[in-house]
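For reference, the structure is listed below as structure tokens.
The values are calculated or read from the model by the stated rules, or taken from the named source; none is laboratory data. All figures in this text were calculated on a predicted structure; none of them were measured in a lab. Virtual Cβ from ideal backbone geometry, glycine too; neighbours counted across all protein chains shown. Side chains are part of the model used for accessible areas, which takes the heavy atoms of the whole protein and leaves out ligands, DNA and RNA. Shrake-Rupley method; radii C 1.70, N 1.55, O 1.52, S 1.80 Å.
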Amino acid sequence: MKGILHTVYLLIAIILSTTLFAAMDLFGVKPNMFIIYLVIAGFYVSQKEAIWLGMIYGLFYDIIVGHCLGLNGILFMFECFFTVLFCENMIRRSNVVISAIAIVWWTILIEGINALFSPVNGILHILYVIGIEAVYNSVLMLIVYAPLNGFFRRLYDEKR
């Protein structure tokens, strides 16, 4: 059941990324629903599940927009896995502020590493794009946080 629901959200993220979010660029920057979903999922999934979820989401993201096939698979795997580790060791519940901070952190880290493997437009341009995307992802997270958090809470809280 959990696999089916993760697949449905993957399809929703793919559809949104290629249609609505492609048209909603802000200064040429598009939000990344994959980072948002994986951070919120990281509060609830197990370590093993986080590895697979991040890898699968990252590979699909690479297919859609990636410059280097497999890079986002690895980065998203680390994102989800380390979010799980942080949540297990530091905090116990999902929190909108912690989620926003995590999304800003992971956006900066992932997009910064991706910038190393893409044609360079200059360091100021890269910082400009990463900064706008980090803010954009955080604002979008505020919109999708409540439904996703409620979904995960119902799906995973029976094991806690």
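Side notes on the structure shown:
- Which listed residue, of Gly131, Gly112, is of a type in the set (Gly, Ala, Ser) and closer than 22 Å to Leu69 by Cα: Gly112
- Answer from Glu133, Glu158 - the residue that is among the acidic types (Asp, Glu) and at pLDDT 90 or above: Glu133
- Selected residue (criterion: modelled with the highest pLDDT) from residues of region 84-109 that are in contact with a helix residue (DSSP H, G or I) (Cβ under 7 Å, 6 or more places away or on another chain) and farther than 30 Å from Cys68 by Cα: Val96
- Qualifying residue in region 11-23 (condition: in contact (Cβ under 8 Å) with a residue 12 or more places away in the chain, within 19 Å of Leu155 (Cβ to Cβ) and open to solvent by less than 50 Å² (accessible area, probe 1.4 Å)): yes
- Residue list for region 129-154, filter: touching a helix residue (DSSP H, G or I) at 6+ places or on another chain (Cβ under 9 Å), closer than 12 Å to Ile40 by Cα, open to solvent by 20 Å² or more (accessible area, probe 1.4 Å) and in contact (Cβ under 8 Å) with a residue 40 or more places away in the chain: Leu142, Val144, Tyr145, Phe151
- Within region 110-128, tally of residues that are at pLDDT 90 or above and either open to solvent by 60 Å² or more (accessible area, probe 1.4 Å) or touching a strand residue (DSSP E or B) at 6+ places or on another chain (Cβ under 6 Å) (or both): 0
- Residue match in region 65-81 (condition: of a type in the set (A, V, I, L, M), without any contact (Cβ under 8 Å) to a residue 60 or more places away in the chain and surrounded by fewer than 13 Cβ atoms within 10 Å (Cβ to Cβ)): yes
- Conditions (1) touching a residue at least 60 places away in the same chain (Cβ under 8 Å); (2) open to solvent by less than 10 Å² (accessible area, probe 1.4 Å): number failed by Phe34: (1)
- Here Met90, Met77, Met24 are screened, and the one residue that is of a type outside the set (Phe, Trp, Tyr) and within 22 Å of Val135 (Cβ to Cβ) is Met24.
- Within region 111-159, the residues that satisfy the criterion of being under 30 Å from Met1 (Cα atoms) and among the aromatic types (Phe, Trp, Tyr) are Tyr145, Phe151, Phe152, Tyr156.
- Entry remark, region 71-109: residues being under 16 Å from Gln47 (Cβ atoms), in a helix (DSSP H, G or I) and not aliphatic (A, V, I, L, M) number 11 in total.
- Test: residue in region 40-54 that is surrounded by fewer than 19 Cβ atoms within 10 Å (Cβ to Cβ) and part of a loop (DSSP other than H, G, I, E, B): yes
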